[in-house]
Amino acid sequence: MAHGLQIRDEQSGYNKNLFCIPKHYEEDLERVFIPHGLILDRTERLARDIMQDMGSHDIVALCVLKGGYKFFADLLDHIKALNQNGDKSVPITVDFVRIKSYCNDSPTGKISFVGEELSTLNGKNVLVVEDIIETGRTMKALLSKIKDKKPRMVKVVSLLVKRTCQSPGYRPDYIGFEIPDKFVVGYALDYNEYFRDLNHICILKENAKEKYRMS
Ligand code: IMP
């Protein structure tokens, strides 16, 4: 079974004043939870693990938008570096699917897919690249759509997996970090579209949830 880097419940992260934070978010953030450099270091190792398992056939890397775009770009950079510097290499093509399931800091109960075709996945080795898995409902819905396209193989990598009592036990094939049940933003993860433009993964202040709340 895949294991990510465990961040324990009592770990609260780092003093935000010791990091560079955009001025417009300074008042909104409690702590830096996972610094950008640590995300990149862990991503480099995920790229190596993925290529060890999937590196003998062409890969279609499927980015789950919008939250997955930073992780996707950095993961693919590391995979490209392995392709450039190793004894063997495989062609990687990319595809994108956009999913919306959250409003404020809670699931809406409805999972909507925007503008997806996914016809490129037929007969291919597919690597699904996701930002965060909480209950696993979103990923299960996406995987059932992908399987309709009859891919040769599907693997899922998620940067974050949240430990939550609501989880029906879905675990991706590769995990960056396993985190406590807290709402996190940054590195393309959003709260009502804000905070994607923040490099570190951070914990929001309660009053920021009010400030950016959608009715
Ligand atoms: P699941 O379907 O419960 O696994 O939820 C996964 C989706 O919920 C992700 O793709 C995100 O869009 C969203 N999500 C869950 N937790 C967070 C969070 O802490 N920050 C930002 N988005 C989150």
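The values are calculated or read from the model by the stated rules, or taken from the named source; none is laboratory data. These numbers come from a predicted model, not from an experiment. Here Cβ is always computed from backbone atoms with ideal geometry, including for glycine, and neighbour counts include all displayed protein chains. Quick note on the areas: whole protein, heavy atoms, side chains included, nothing else; ligands and nucleic acids left out. Shrake-Rupley method; radii C 1.70, N 1.55, O 1.52, S 1.80 Å.
Within region 11-32, can one find any residue that is open to solvent by 70 Å² or more (accessible area, probe 1.4 Å), aromatic (Phe, Trp, Tyr) and closer than 21 Å to Tyr191 by Cβ? Yes, that holds for at least one residue.
Looking across region 184-205, the residues that are farther than 21 Å from Ala141 by Cβ, open to solvent by 10 Å² or more (accessible area, probe 1.4 Å) and assigned to a loop (DSSP other than H, G, I, E, B) come down to Asn192, Glu193, Arg196, Asp197, Asn199, His200, Lys205.
Looking at Ser112, Ser101, Ser144, which one is under 17 Å from Gly68 (Cα atoms), among the hydroxyl-bearing types (Ser, Thr, Tyr) and without any contact (Cβ under 8 Å) to a residue 24 or more places away in the chain?
Numbers: Ser101 fails: without any contact (Cβ under 8 Å) to a residue 24 or more places away in the chain; Ser144 fails: under 17 Å from Gly68 (Cα atoms).
When all the criteria are applied, what remains is Ser112.
The residue that is farthest from the ligand (Cβ to nearest atom), among those in region 93-112 that are hydrophobic (A, V, I, L, M, F, W, C) and open to solvent by 50 Å² or more (accessible area, probe 1.4 Å), is Val94.
The requirement of being over 15 Å from the mean Cα position of the chain (by Cα) and over 27 Å from Met1 (Cβ atoms) is fulfilled somewhere in region 70-79, by at least one residue.
Scanning region 155-183 for residues that are assigned to a strand (DSSP E or B) and among the aromatic types (Phe, Trp, Tyr) gives Tyr174, Phe177. Can you name every residue in region 113-131 that is open to solvent by 40 Å² or more (accessible area, probe 1.4 Å) and either closer than 21 Å to Met214 by Cα or within 17 Å of the chain's Cα centre (by Cα) (or both)? Passing the criteria: Phe113, Val114.
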